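Student: First, the structure itself, so that you have it in front of you.
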Amino acid sequence: MDQPSGRSFMQVLCEKYSPENFPYRRGPGMGVHVPATPQGSPMKDRLNLPSVLVLNSCGITCAGDENEIAAFCAHVSELDLSDNKLEDWHEVSKIVSNVPHLEFLNLSSNPLSLSVLERRCAGSFAGVRKLVLNNSKASWETVHTILQELPDLEELFLCLNDYETVSCSPVCCQSLKLLHITDNNLQDWTEIRKLGIMFPSLDTLILANNNLTTIEESEDSLARLFPNLRSINLHKSGLHCWEDIDKLNSFPKLEEVKLLGIPLLQSYTTEERRKLLIARLPSIVKLNGSIVADGEREDSERFFIRYYMEFPEEEVPFRYHELVTKYGKLEPLAVVDLRPQSSAKVEVHFKDKVEEMSIRLDQTVAELKKQLKTVVQLSTSNMLLFYLDHETPFGPEEMKYNSRALHSYGIRDGDKLYVEPRMK
């Protein structure tokens, strides 16, 4: 039988991991020494193969000699074949069937949609626990075949495959814990719910960059569909109402949520977004990748009460009443003006005279001396100026630096300025 044209897996393997390109390094797990193969083999005397093989973007179209694959890859546990030119599942099967300890396989960005995956080929994947099919345009029929033949599959990556719908598998995949299905076009919740039916043990569901617009499901049904879901990523989805956020509380084991870039939150400040989300999701321990500490939760829940306390009764969410029961009705926070004081009323003492003046605090000492010239009848060069803070026990402080701004002294209403003539 003729080999397909193009570069074979074995050809690329020999080139990349030859002693010249991948020198043998001693030490556990660093590489393996393989004896020379039978006469006529195109390989070098030896290859130094790690247990993790990365052969992405190498133009691979076919497997090559299966006996050689079996001889050299018996110890390999991870294989990255992404961004090659593999378009025939039979060729992939020839590779994988001769890597008996393979647990991780990346086939992303290979044109595998051009062929049909038969069950006998999929059987060669049986030991794989993590499978990446991003941008492979794998059909749901192909995915179903894989699910039936991979009894230990734990993680499945189906990103960038242009899915608009989900087709239910005839059998459930009880082993799958993580599904990464970002950057598709799954807008309707009726499609997402099928994932819960197919993967009842799902722990982590990553749905980022799908335009999911709403969660149309009752609370009881959500709990049954995703009974083991611990983490969900809804970054850049189309969620636009708080009721959808509240429904996340229906997942009985959910403790981690990612919700950046959704339309609902666009009109809120960064502080408001985080605090309102934390307050609405009482079981969440991690939000957008950051741990929610006990202190932050209490602050957020108190913020939530104050945020909604002036809303009309019909607009107040149910969560508000739950939190009022927990904390009681809170007083509004006092409004504190933290802007720096722009002026101050001070007493100016010169000889036996005292005059009350209002001075600008954004001016310098030199500018203040010019203002005082007419009051004390002294030239600025002949003027010594002292400042006394009426609330401190220390004596007057000479204001000797003409370029220093008055506000840096902390001058307040009621403080005193003393002017003395410079001694000749």
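Student: Would you kindly compute the Cα radius of gyration of the stretch 273-336 and its largest Cα-Cα separation (Dmax), both in Å?
Tutor: Taking only Cα atoms of the stretch 273-336, I get Rg and Dmax of 12.0, 34 Å.
Student: Right, next: Taking the simple approach of a point 7 Å from Cα along Cα-to-Cβ for both Val116 and Glu347, what is their distance in nm?
Tutor: 10.1
Student: Convex hull over the alpha-carbon atoms of the stretch 145-228: what's its volume per residue in Å³?
Tutor: It comes to 85 Å³ per residue, whole-number rounded.
Student: While we're here: Under a plain spin-label model, where a point goes 7 Å from the Cα along Cα-to-Cβ, how far apart in nm are Lys16 and Arg306?
Tutor: In this crude spin-label approximation the distance works out to 5.7 nm.
Student: Over the stretch 115-203, what percent of the accessible surface lies on carbon and sulfur atoms, probe 1.4 Å?
Tutor: The value for the stretch 115-203 is 47 percent carbon and sulfur by accessible area.
Student: Running Debye on the stretch 375-424 with equal point scatterers at the Cα sites and no solvent, what base-10 log of I(q)/I(0) appears at q = 0.14, 0.28, 0.31 Å⁻¹?
Tutor: Result of the Debye calculation: -0.38, -1.19, -1.29.
Student: Taking the Kirkwood radius as the inverse of the mean 1/r across Cα pairs, report the Rg/Rh of the stretch 141-299.
Tutor: On the way: Rg = 15.7 Å, Rh = 16.1 Å.
Rg/Rh for the stretch 141-299 comes to 0.97.
Student: I would also like to ask the following. Along each principal axis of its Cα atoms, how long is the stretch 104-181 end to end? Whole angstroms, biggest number first, please.
Tutor: 26, 25, 24
Student: Using only the alpha-carbon atoms, what does the stretch 187-276 span along each of its principal axes? Please give whole angstrom values in decreasing order.
Tutor: Its Cα atoms span 37, 24, 21 Å along the three principal axes.
Student: Could I ask something else about it? Beyond 28 Å, what share of the Cα-Cα pairs of the chain is found? Please give it as a whole percent. Show your work: numbers first, answer last.
Tutor: Values: 59141 of 89676 pairs.
Across the chain, Cα pairs with separations above 28 Å total 66 percent.
Student: Further question on the same structure: If you wrap the stretch 237-391's Cα atoms in a convex hull and average its projection over all directions, what's the area in nm²?
Tutor: 15.8
Student: Can you work out D for the stretch 336-424 in µm² s⁻¹ from Stokes-Einstein, where Rh is the Kirkwood radius over C-alpha pairs, the temperature is 37 °C and the viscosity is 0.692 mPa s?
Tutor: Taking Rh from Cα pairs, D becomes 246 µm²/s.
Student: A further question follows. Using Cα springs under 10 Å in a Gaussian network model of the chain, which residue among Ser358, Ser250, Ser18 shows the largest mean-square fluctuation?
Tutor: Taking springs between Cα atoms under 10 Å, the residue moving most is Ser358.
Student: Give the angle, between 0 and 90 degrees and rounded to the nearest 10, that separates the Cα long axis of helix 318-327 from the longest principal axis of the Cα atoms of the chain.
Tutor: That helix lies at roughly 60 degrees to the long axis.
Student: Springs between alpha-carbon atoms under 10 Å, Gaussian network over the chain: tell me which of Glu314, Glu367, Glu219 tops the mean-square fluctuations.
Tutor: Glu367
Student: Right, here's the next one. Which value, in Å² rounded to 10, gives the accessible area of Trp189 with a 1.4 Å probe and all protein chains present?
Tutor: Result for Trp189: roughly 10 Å² accessible.
Student: Now, a different point. Once fully extended, how much extra length lies between Cys241 and Asp220, figured as 0.36 nm per residue of separation less the alpha-carbon to alpha-carbon distance? List each step's numbers first, then the result.
Tutor: Details: separation 21, 0.36 × 21 = 7.56 nm, distance 1.98 nm.
This chain segment gains 5.6 nm when fully extended.
Student: Looking at the stretch 60-197, I'd like the Rg to Rh ratio, where Rg is from alpha-carbon atoms and Rh is Kirkwood's inverse mean 1/r.
Tutor: 0.96
Student: Which angle between 0 and 90 degrees, to the nearest 10, do you get for helix 270-280 versus the longest principal axis of the chain when only C-alpha atoms count?
Tutor: Helix 270-280 sits at roughly 70 degrees to that axis.
Student: Can you give the percent of C-alpha pairs in the stretch 93-135 whose distance is more than 15 Å?
Tutor: Values: 392 of 903 pairs.
That tail contains 43 percent of the Cα-Cα pairs.
Student: Kirkwood Rh over Cα pairs of the stretch 228-280 into Stokes-Einstein at 4 °C, 1.567 mPa s: D in µm²/s?
Tutor: Answer from the Stokes-Einstein relation: 113 µm²/s.
Student: Using alpha carbons only, how many degrees (0 to 90, rounded to 10) separate the axis of helix 365-376 from the longest principal axis of the chain?
Tutor: 20
The values are calculated or read from the model by the stated rules, or taken from the named source; none is laboratory data. Keep in mind the model is a prediction, meaning the values are calculated, not measured. Positions of Cβ are backbone-derived with ideal geometry, glycine not excepted, and every protein chain shown enters the neighbour counts. These accessible areas exclude ligands, DNA and RNA; they are computed on the full protein's heavy atoms, side chains included. Shrake-Rupley method; radii C 1.70, N 1.55, O 1.52, S 1.80 Å.
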